[in-house]
Amino acid sequence: MEILSLSFFVGTIGNVISVLVFLSPIGTFERIIKHKSTEDFQSLPYICTLLNSSLWTYYGITKPGGLLVATVNGFGIFVEAVYVGLFLTYAPKKMKLKTGVLVGILNVGFVAAAIVVTQLALESETQIGAIGLMCSGLNIIMYGSPLAAMKTVVRTKSVEYMPFFLSFFLFLNGGIWAFYALLMHDYFLGVPNGIGCLLGTAQLLLYAIYKNAKPSNNTSLQGLMEQKEPLVSQC
């Protein structure tokens, strides 16, 4: 009972942190709405996060005791769908077409295929394992995306391209969900979030090393933040 109470408490904290991460790109979309243009921002990170949230919601619904995973990622589906919808509204014609095709393939086709195959072709335990493996693999890929920012920091010796709070929440989000997974004995949830916590720790160390360095003007900070923000996995 004490373990269950602790896991629920930790999972609730994880939900709060994940909600904050989901909402972190709001400033970007306020700018898009204000200018009525997506400018040079890309829709792929939001489409990938929508896919990630959809799969984790399905995993949370399918796995016994997965309520906290399902609820926070259900919220993520709603938020990311709004972001993608804004891209479809304000993007140039070419980007709008590209976004629509990717949404159809990844967010509709792939998710539908995953649900149909796992429901019809697999038994209960195998079903959970297959869904968890997909979620875990995608999470690892998404947690690896900030490696580009870390490479830029080392090359330029400046943290201009790696916002502190985003790195901090990567560490915090990965750490709290890894701890929750440990309590729940959920390796599919624990492995990718453990990796995320380690990457977040590495980013914070880089920040401490290079925080007083003179910023470089060679790269667009906003552009890099746009690629990095939504690819922080939420579960």
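The values are calculated or read from the model by the stated rules, or taken from the named source; none is laboratory data. Fair warning: this is a prediction, and the values are worked out from it, not measured in the lab. All Cβ positions, glycine included, derive from the backbone under ideal geometry; neighbour counts span all protein chains shown. Quick note on the areas: whole protein, heavy atoms, side chains included, nothing else; ligands and nucleic acids left out. Shrake-Rupley method; radii C 1.70, N 1.55, O 1.52, S 1.80 Å.
From the list M142, M184, the lone residue that is in contact (Cβ under 8 Å) with a residue 12 or more places away in the chain and within 15 Å of the chain's Cα centre (by Cα) is M142.
Any idea which of S136, S158 is over 20 Å from V16 (Cβ atoms), open to solvent by less than 20 Å² (accessible area, probe 1.4 Å), in contact with a Leu (Cβ under 8 Å, 6 or more places away or on another chain) and of a type in the set (S, T, Y)?
Numbers: S158 fails: in contact with a Leu (Cβ under 8 Å, 6 or more places away or on another chain).
Selected residue: S136, the only one of S136, S158 that is over 20 Å from V16 (Cβ atoms), open to solvent by less than 20 Å² (accessible area, probe 1.4 Å), in contact with a Leu (Cβ under 8 Å, 6 or more places away or on another chain) and of a type in the set (S, T, Y).
Just for the range 36-46: of the residues that are open to solvent by 50 Å² or more (accessible area, probe 1.4 Å) and out of contact with any Leu (no Cβ under 9 Å at 6 or more places or on another chain), which one is farthest from L86 (Cα to Cα)? Walk me through it before giving the result.
Kept after step one, since they are open to solvent by 50 Å² or more (accessible area, probe 1.4 Å), are these residues of the range 36-46: 36, 39-40, 42, 44.
Cutting the leftovers down to out of contact with any Leu (no Cβ under 9 Å at 6 or more places or on another chain) gives us 36, 39-40, 42.
Numbers: K36: 9, E39: 12, D40: 14, Q42: 12 Å.
By that ranking, first place goes to D40.
Being touching a residue at least 40 places away in the same chain (Cβ under 8 Å) and either farther than 17 Å from V21 by Cβ or not polar (S, T, N, Q) (or both) is the filter; apply it to the range 145-155 and report the residue that is surrounded by the most Cβ atoms within 10 Å (Cβ to Cβ). It would help to see each step written out before you state the result.
Applying the first criterion (touching a residue at least 40 places away in the same chain (Cβ under 8 Å)) to the range 145-155 yields 145-150, 152-154.
From what's left, either farther than 17 Å from V21 by Cβ or not polar (S, T, N, Q) (or both): 146-150, 152-154.
Values: P146: 24, L147: 12, A148: 15, A149: 21, M150: 17, T152: 18, V153: 21, V154: 12.
If we take residues in the range 145-155 being touching a residue at least 40 places away in the same chain (Cβ under 8 Å) and either farther than 17 Å from V21 by Cβ or not polar (S, T, N, Q) (or both), then P146 is surrounded by the most Cβ atoms within 10 Å (Cβ to Cβ).
Residue check: is A91 at pLDDT below 95 and either touching a helix residue (DSSP H, G or I) at 6+ places or on another chain (Cβ under 8 Å) or hydroxyl-bearing (S, T, Y) (or both)? Yes. Checked against the criteria, G76 does not count as surrounded by fewer than 15 Cβ atoms within 10 Å (Cβ to Cβ), touching a residue at least 24 places away in the same chain (Cβ under 8 Å) and within 30 Å of I176 (Cα to Cα).
Number of residues in the range 161-179 that are open to solvent by less than 10 Å² (accessible area, probe 1.4 Å) and of a type outside the set (G, A, S) equals 5. Of everything in the range 10-35, what is open to solvent by 10 Å² or more (accessible area, probe 1.4 Å), among the aliphatic types (A, V, I, L, M) and farther than 15 Å from E80 by Cα? Give them in sequence order. Within the range 10-35, I13, V16, I17, I33 qualify. For the range 81-115, filtering for residues that are closer than 20 Å to T62 by Cβ and surrounded by fewer than 15 Cβ atoms within 10 Å (Cβ to Cβ) leaves 4.
If you check S24 against the conditions, is it under 29 Å from L133 (Cβ atoms) and either out of contact with any helix residue (DSSP H, G or I) (no Cβ under 7 Å at 6 or more places or on another chain) or at pLDDT below 90 (or both)? Against the criterion (under 29 Å from L133 (Cβ atoms) and either out of contact with any helix residue (DSSP H, G or I) (no Cβ under 7 Å at 6 or more places or on another chain) or at pLDDT below 90 (or both)), S24 qualifies.
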